[in-house]
1. Of the residues that make up segment 49-69, is at least one among the aliphatic types (A, V, I, L, M), exposed (fewer than 13 other Cβ atoms within 10 Å of the Cβ) and assigned to a strand (DSSP E or B)?
2. Taking A40 as the residue in question, decide whether it is surrounded by 14 or more Cβ atoms within 10 Å (Cβ to Cβ), modelled with pLDDT of 95 or more and not aromatic (F, W, Y).
3. Can you go through G51, G35, G20 and tell me which one is at positive phi and free of Cβ contacts under 8 Å to residues at least 24 places away in the same chain?
4. Can you tell which of R44, R28, R12 is in contact (Cβ under 8 Å) with a residue 40 or more places away in the chain and not aliphatic (A, V, I, L, M)?
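The values are calculated or read from the model by the stated rules, or taken from the named source; none is laboratory data. As the structure is a prediction and not an experimental result, all values here were calculated from the model. Neighbour counts are summed over all protein chains in view; Cβ atoms, including those assigned to glycine, are modelled from backbone coordinates with ideal geometry.
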Amino acid sequence: MKIIVTVHAKQRLHEERQRGIGVDDIMRAAKQIPGNVPVATRFRGFFSVSGRTFDIVAKDIAQGRLVITVIGK
């Protein structure tokens, strides 16, 4: 499945709360979500390589899985 990370999600990675989370961490987390996600849903409890905990909001669209935003803990 193709993973699409929005510009908004990439911009959030520069904020203090998301420090230590990379695009590769988001891609890995999005691939771990099983099944079909027809509406934007928050998925909790992912870990970045640096050890930071984060959540993502994702939705499946025709082109693939769209990661709308990332929320650092």
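1. Yes, segment 49-69 contains at least one residue that is among the aliphatic types (A, V, I, L, M), exposed (fewer than 13 other Cβ atoms within 10 Å of the Cβ) and assigned to a strand (DSSP E or B).
2. no
3. Exactly one residue qualifies, and that residue is G35.
4. Within the list R44, R28, R12, the selection yields R12.
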